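The values are calculated or read from the model by the stated rules, or taken from the named source; none is laboratory data. Here the structure is a predicted model, which means the values were calculated and not measured. Positions of Cβ are generated from backbone atoms using ideal geometry, with glycine treated the same way; all protein chains shown enter the neighbour counts. These accessible areas exclude ligands, DNA and RNA; they are computed on the full protein's heavy atoms, side chains included. Shrake-Rupley method; radii C 1.70, N 1.55, O 1.52, S 1.80 Å.
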Amino acid sequence: MNILNIKNELSEQLLAACQQSLQKIVEDFTSSLSKDRIYAFVLYPSSGFVDFGLAYSTRESLAKINEKMSSFIKDNSDLLIDNKGSIIPDDYCELTACEWDYIWPHFECFENINDFLDENFDLFYEAEMEPDEINLLFKGIVINVFFELLKRKSFDAHCFENDLLLGVQFPDGNNTDLIKSISKEVNSEYWHQKFIKVVESD
């Protein structure tokens, strides 16, 4: 299998995994009669794109996370700068997936693509691709998948806000240039500017 075939297969499988996950998330909200709203939905792969999952956050869960963070900062004065402000940006929890309550939900939806990656990832190295080239390939895949999800109105269900934070984030917080470039392509100007400020404050 050549690199182009792998790219096409990954694109199809990632789109299918996202659609299946979104369907299950909507079902979760419908069955629970929740009035909460999802404001953020990002792909959450391991570093290097060796596997995929997703993360999302809601307004109600964010309020609880912010409350816990405020209490933590209050109890840890060493996190304050000259007693004037926290070193943690105000929007940090809102925009940072590792702080969210919903990480890798419905991970089973990504089994096919993750099995495919496990079986074929070494082909990138056999093709003598550098890490930056591999990242560029996945960048194109991720952007196209989000474009397709938006085109198909996959976020039009009642549990999603009209303007969502989208993109990709990594558990280890690395690849900031990559995640910023993807954000620029898939997010509204409102979300992109907020996201950039938090990323660049790290």
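Here are the numbers for the structure shown:
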| item | result |
| --- | --- |
| Subset tally (residues that are open to solvent by less than 20 Å² (accessible area, probe 1.4 Å) and either part of a helix (DSSP H, G or I) or small (Gly, Ala, Ser) (or both)) for region 4-63 | 15 |
| Region 112-130, subset surrounded by 13 or more Cβ atoms within 10 Å (Cβ to Cβ) and of a type outside the set (Phe, Trp, Tyr), residue nearest to residue 69 (Cα to Cα) | 114 |
| Residue count, region 64-76 (criterion: among the β-branched types (Val, Ile, Thr) and either over 12 Å from residue 100 (Cβ atoms) or exposed (fewer than 12 other Cβ atoms within 10 Å of the Cβ) (or both)) | 1 |
| Every residue from region 39-79 that is in contact with a strand residue (DSSP E or B) (Cβ under 7 Å, 6 or more places away or on another chain) and farther than 30 Å from residue 145 by Cα | 73, 79 |
